[in-house]
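K.L.:
Please read through the structure below; I'll follow up with questions.
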Amino acid sequence: MKYIFIFFSIILCTSTLFSQSEKEKVESTVTKNKIEGHIYFLADDLLKGRATGTPENKVAASYLANTLRGYGVIPVTQNVLKGSSTESYFQEVKLNQITPIKRLLLAIDGKELKKKVAIKPNKMEFTGEAVYLGYGLESDYKGKDVSEKIVIVRSGGPKVTDTRAAFGLIEQKEQLAKEHGAVAVIELVDTNEIIWEYIDHSFNGDRLEIADDKNSKEKGLAYLWVHDENNILANALGTKDKLSAKLMMEGEEKKTIISQNVIGMVEGTDPQLKNEFIIYSAHYDHVGIGKPDETGDVIYNGARDNAVGTTTVLSMAENIAKYPAKRSALFILFTGEEKGLLGSEYYVENPVLPLNKMVYCFNSDNAGYNDTSVISVIGLPRTTASENIKEAATTFGLTAIDDAAPDQNLFDRSDNVMFAKKGIPAPTFSLGFKSFDGDVTKYYHQAGDEADTLDYDYLLKFFQSYVLAGRLIANDTKTPTWTKGDKYEEAGKVLYKN
């Protein structure tokens, strides 16, 4: 009888093990102590804000790679589907580090403008006519001759009033000016002093761009932003029929540096579905050293942005390595996001695996939070995996909501958009906010974004929800897609040839 009892006990234990629920699998690997450990290290003063290209950024990359190694996540090569791998978790990203221009002079109608930044420097010396063109969009050029002249425009557009969203229109405005023969664009930016100081810090310091070995990129126009709070200058210029301008720029220098994307994978368990990959991504860089705050702190630690996002990917990696899903997993931690989505831009042009094998990108990026009952998923209704995400959040007592601040254009401002443009469904999983207000912005790119200012009870549920959502998507028999009519749906049809 004793042996029969032992036999049935073993059978019962084995049955329980194999019937372990997805929720239990998540809870067994995602704990408060682990997430605190990752965040406190990544946001430590030792890493000096993890600015791209710095030694401290490389320390962070090494930490991430070796954490993946410890979980049993393997490196990747183009031949991974045939079973081979390399010894490296790093994808080297070659960047040009550009020092600020040594001389920048801008005057309109003889008045020198002091608060300005060169968004796109271009060595030049110009004295001549300028034309004020409203927002500088297509309709504003009607009946205007701007050939060999400087174009002066207001920032944003009729429905784009936020400074961050206005930044997304720069390429369009530059291209329009170029097509019409202009020599430069001066954009007047209506924003407050605090935001302008951040803009000034970002563009009047060293900046980075992806190195182009073939020098194939056509040189763009000189593009400047000028601080114009309350549109005082724009309103004045709009009443004048003729304007003059003087613009001088010189002294920009470049040197090449190397930064790293960190990449690893876990193969799926299903004979067919393992050929489909879910990407779990986040950027690990931050903005580095900045202007002292009221306490004298100059290290912008980036706990929320984006040690939290990085930790979602690490949490996912540990869980999937222990409990592989049907679909394969590709973990990517990007460098250079804060410098213009550089790591993800480089990756999609140099993927370690074919992009058409990537059926979903589950990105995580954060600014802050003001509601610990919700998770904000930027682009939640835009993919067919939305129900998986909602179910996961509900399981851990949270509610998944869509972007509460569409005016911020957040979907197109994080690494996910690089994959979306290629056609891969790619929402961003973010800390909960119901408005993009002071409770969020007071930590955004500020020295006060420290690990000890976070609510780890909320974060535990946040990370568990991400990992469960990732598992549900990876195990779903239906491949996730864009919802019908999404602006990236056509790109998806081209990528997947359907």
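K.L.:
Could I have the simple spin-label model distance between Thr161 and Arg103, label points 7 Å from Cα toward Cβ, reported in nm to one decimal?
P.N.:
4.1 nm
K.L.:
Show me the ranking of peptides 330-341, 352-363 by mean Cβ neighbours inside 10 Å, starting with the highest.
P.N.:
Details: 330-341: 25.8, 352-363: 21.5.
For the peptides 330-341, 352-363, the packing ranking is 330-341, 352-363.
K.L.:
Let me ask something else. Which value in nm describes the separation of the simple spin-label points at Asp455 and Lys434, placed 7 Å from the Cα toward the beta carbon?
P.N.:
If labels sit at Asp455 and Lys434, their model points lie 1.2 nm apart.
K.L.:
Shifting gears a bit: Relative contact order, percent, of region 101-251 when contacts are C-alpha pairs under 8 Å separated by at least 6 residues? Intermediate values should be presented prior to the final figure.
P.N.:
Working: 276 pairs, mean separation 66.1, N = 151.
Relative contact order comes out at 44 percent.
K.L.:
What does the charge dipole of the chain about its Cα centre add up to, to the nearest 20 debye, if the Cβ of each Lys and Arg holds +1 and the Cβ of each Asp and Glu holds -1?
P.N.:
Numbers: 58 positive and 70 negative charges, 289 e Å.
Computed charge dipole of the chain: roughly 1380 debye.
K.L.:
Here's another thing I want to ask about it. Please work out the ratio of the alpha-carbon Rg of region 296-403 to 2.2 N^0.38 Å and round it to two decimals.
P.N.:
Working: Rg = 15.6 Å, N = 108, 2.2 N^0.38 = 13.0 Å.
Region 296-403 yields a ratio of 1.20.
K.L.:
Let me ask something else. By how many degrees, between 0 and 90 and to the nearest 10, does the Cα long axis of helix 456-475 differ from the longest principal axis of the chain?
P.N.:
The two axes meet at around 80 degrees.
K.L.:
Principal axis lengths of region 196-340 from Cα atoms, whole Å, largest first?
P.N.:
70, 46, 34
K.L.:
Of all alpha-carbon pairs in region 141-180, indicate the percentage at a distance above 13 angstrom. The partial results should precede the final answer.
P.N.:
On the way: 434 of 780 pairs.
More than 13 Å apart: 56 percent of the Cα pairs in region 141-180.
K.L.:
Here's a follow-up. About its Cα centre, what dipole magnitude does region 101-251 give when the only charges are +1 on Lys and Arg Cβ and -1 on Asp and Glu Cβ, stated in debye to the nearest 20? Please report the intermediate quantities before stating the final value.
P.N.:
Numbers: 23 positive and 26 negative charges, 46 e Å.
The dipole magnitude comes to about 220 debye.
K.L.:
List the relative contact order of the chain as a percent without decimals, with contacts defined as Cα pairs under 8 Å and 6+ residues apart. Let's see the in-between values first.
P.N.:
Values: 1031 pairs, mean separation 97.9, N = 498.
After rounding, I find 20 percent.
K.L.:
Mind listing the Cα extents of region 237-323 along all three principal axes, in Å, largest one first?
P.N.:
Answer, in whole Å and largest first: 69, 41, 34 Å.
K.L.:
Which order do Met249, Met265 fall in if you start with the one that has the fewest other Cβ atoms within 10 Å?
P.N.:
Numbers: Met249 21, Met265 26.
Fewest-to-most ranking of Met249, Met265: Met249, Met265.
K.L.:
Do me a favour and compute the ellipsoid semi-axes for region 400-440 from its Cα gyration tensor, root of five times each eigenvalue, largest one first, whole Å.
P.N.:
Numbers: eigenvalues 91, 21, 13 Å².
With the √(5λ) rule applied to region 400-440, the semi-axes are 21, 10, 8 Å.
K.L.:
Scattering from the C-alpha atoms of region 121-230 alone, worked out with Debye: what is log10 I(q)/I(0) at q = 0.23, 0.24 1/Å?
P.N.:
Rounded to two decimals, the profile gives -1.37, -1.42.
K.L.:
Something else about it: Among Met124, Gly156, Gly136, flag the residue with its Cα farthest along the positive direction of the charge dipole of region 104-157, charges on Cβ as +1 for Lys/Arg and -1 for Asp/Glu.
P.N.:
Checking the options against the dipole of region 104-157, the answer is Gly156.
K.L.:
Please give the calculated 222 nm ellipticity per residue for the chain, where each DSSP H segment of at least 4 residues contributes -39500 (n - 2.57) and the sum is spread over every residue; nearest 500 deg cm²/dmol? Let's see the in-between values first.
P.N.:
Details: 15 runs with 156 residues, N = 498.
Taken over the chain, the calculation gives -9500 deg cm²/dmol.
K.L.:
A further question on this structure: Fewest first, what order do Asp270, Asp305, Asp452 take by the number of other Cβ atoms within 10 Å?
P.N.:
By the 10 Å Cβ count, ascending, the order reads Asp452, Asp270, Asp305.
K.L.:
For region 199-307, which trypsin sites (Lys or Arg not before Pro) pass both filters: DSSP loop (anything but H, G, I, E, B) and at most 15 other C-beta atoms within 10 Å? Write down the numbers at each step before the final one.
P.N.:
Working: sites: Arg207, Lys214, Lys217, Lys219, Lys240, Lys242, Lys246, Lys254, Lys255, Lys274, Arg304; in loops: Lys214, Lys217, Lys219, Lys240, Lys242.
Taking region 199-307 and a limit of 15 other Cβ atoms within 10 Å, the loop trypsin sites (Lys or Arg not before Pro) found are Lys214, Lys217, Lys219, Lys240, Lys242.
K.L.:
What would the Debye equation give as log₁₀ I(q)/I(0) for the chain at q = 0.11 Å⁻¹, counting only Cα atoms as equal point scatterers?
P.N.:
Ignoring solvent entirely, the Cα scatterers give -0.95.
K.L.:
On to the next question. Could you give the distance between the Cα centres of region 278-308 and region 101-136, to the whole Å?
P.N.:
Spelled out, the Cα-based centre of one part sits 32 Å from the other.
K.L.:
Placing +1 on the Cβ of each Lys and Arg and -1 on the Cβ of each Asp and Glu in the chain, which of Leu468, Asn96, Pro75 has its Cα farthest towards the positive end of the resulting dipole?
P.N.:
Projecting each Cα onto the dipole axis, the largest value belongs to Pro75.
K.L.:
Something else now. I need the calculated FRET efficiency for the pair Asn235 and Ser88, taking r as the beta carbon distance and R₀ as 41 Å, to the nearest 0.05. Write out the running numbers ahead of the final one.
P.N.:
Values: r = 56 Å, r/R0 = 1.37.
After rounding, the FRET efficiency stands at 0.15.
K.L.:
I've got another one for you. Over all distinct Cα pairs, what is the inverse of the mean 1/r for region 373-431, reported as the Kirkwood hydrodynamic radius in Å? Walk me through the intermediate numbers first.
P.N.:
On the way: mean 1/r = 0.0854 Å⁻¹.
It works out to 11.7 Å.
Since every read-out is calculated from the coordinates, none of them should be taken as a lab result. What you are looking at is a predicted structure, and each value in this text was computed from that prediction instead of being measured. In this analysis, Cβ positions are derived from the backbone assuming ideal geometry, glycine residues included, and neighbour counts consider all displayed protein chains.
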